[in-house]
Amino acid sequence: MTPRAWTLIAIGAIGDIGVGTGGGTPDRTLRTPCASRGRRSRKRAVWTGLAALVAIIGLATDPAGAHGIAGRRFFPATLAIEDPFVADELALPSFSYIKGPEGKETSIGGEFQKSITPNLGVSIGGEYVILDPAESEAGSTSGFANPEVGVKYTFFRSDAHETILTLAFDWEIGGVGKEAVGASSSSSVAPSLLFGQGLGDLPDALAFLRPLAVTGVFGAEIPFANDAAIALTYGIAIEYSLAYLQNVVRDVGLPRFVSQLVPVVELLFETPIEGEEKWKTTGTVNPGLIWAGKYVEVGVEAIIPINQRTGKDVGVRALLHFFLDDLWPTVFRPVFQ
């Protein structure tokens, strides 16, 4: 059965589950225990249906396909650090929540990436931000941040050694988003080097370390505003592929669902190199878990600040990621082969 057929079946199941009778805002006079239980049941049904949709798309497939492959290594799309692969994919939604020195910040976003050639791709993304200031009298505010467009070019790949190197260039389009949620009226650009390296070349004595891989970024954020500082951005993601362990190193008898899990720890930092905050680094450590099927990936991570400047409370980040080049390969493929 095709992915589209599974999707239609799942959507039909969600429709059959339903959300109760009628619509609109319920009358406050109807808040009886039975009505509350009914509403809770309907909410659970909706969430169960959405989870079923993701599970059907993912579980009724083979393991991860063409996206993020170098040799026998599959690199999943990480949550905090951009992965180095050019592909057709959709991240929708991405979600993050953290409490910082100035208050709570919630972000809901999405990103679409399109391959132009096998080594060249473009992207566009945006996010909706909700700010709850630490000072309650200030009141919360929300709105869209500035959109971002980007370009990636993979200039080196070694399948034999599970290595990939990519140049990336991102442009935040200033003056589009809402200034109250931090959107600058000026644009900024962010050139960077992205890399990925699997450890499949390790000797037999270290065979159980071969599923390890590292991806990372080193770049800079260069604002056009005169009162903003240039900052270095850098980080790595350390991941352990259970699929690589099961299928390449040794069959250890993992269930299929478990073998598609990737434990990951991402470390992402930012250091201004000018201005009042010069050399004062902020950053987060992000341990989490990614599950990757052939058509979809789901990931969740904790966001742990490294110092008081970043924050003092642990946040959370999550991602639902679709591999469009595997879902509909006749449509989502490089424009020029």
Quiz item: Of (1) farther than 24 Å from Glu297 by Cβ; (2) at pLDDT below 95, Val252 satisfies all except one. Which?
Solution: (1)
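Does Gly311 satisfy the condition of being within 13 Å of Ala80 (Cβ to Cβ) and either in contact with a strand residue (DSSP E or B) (Cβ under 8 Å, 6 or more places away or on another chain) or part of a strand (DSSP E or B) (or both)?
Spelling it out, it is not the case that Gly311 is within 13 Å of Ala80 (Cβ to Cβ) and either in contact with a strand residue (DSSP E or B) (Cβ under 8 Å, 6 or more places away or on another chain) or part of a strand (DSSP E or B) (or both).
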Practice problem: Please work out which residue is farthest from Ser107 (Cα to Cα), limiting yourself to segment 151-183 and to residues that are buried (at least 19 other Cβ atoms within 10 Å of the Cβ) and free of Cβ contacts under 8 Å to residues at least 60 places away in the same chain. | Solution: Asp170
Quiz item: So which of Ser115, Ser158, Ser142 ends up being within 24 Å of Gly100 (Cα to Cα) and among the polar types (S, T, N, Q)?
Solution: Ser142
Quiz item: Checking Glu172 against (1) at pLDDT 95 or above; (2) farther than 18 Å from His67 by Cα; (3) out of contact with any strand residue (DSSP E or B) (no Cβ under 9 Å at 6 or more places or on another chain), which test does it fail?
Solution: (3)
Practice problem: Would you mind stating whether Thr282 is surrounded by 13 or more Cβ atoms within 10 Å (Cβ to Cβ) and either farther than 26 Å from Tyr97 by Cα or among the polar types (S, T, N, Q) (or both)? | Solution: yes
Exercise. Among the residues of segment 69-87, count how many are part of a loop (DSSP other than H, G, I, E, B) and touching an Asp or Glu at 6+ places or on another chain (Cβ under 8 Å).
Key: 10
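The values are calculated or read from the model by the stated rules, or taken from the named source; none is laboratory data. All values reported here derive from a predicted model rather than from experimental measurement. In this analysis, Cβ positions are derived from the backbone assuming ideal geometry, glycine residues included, and neighbour counts consider all displayed protein chains.
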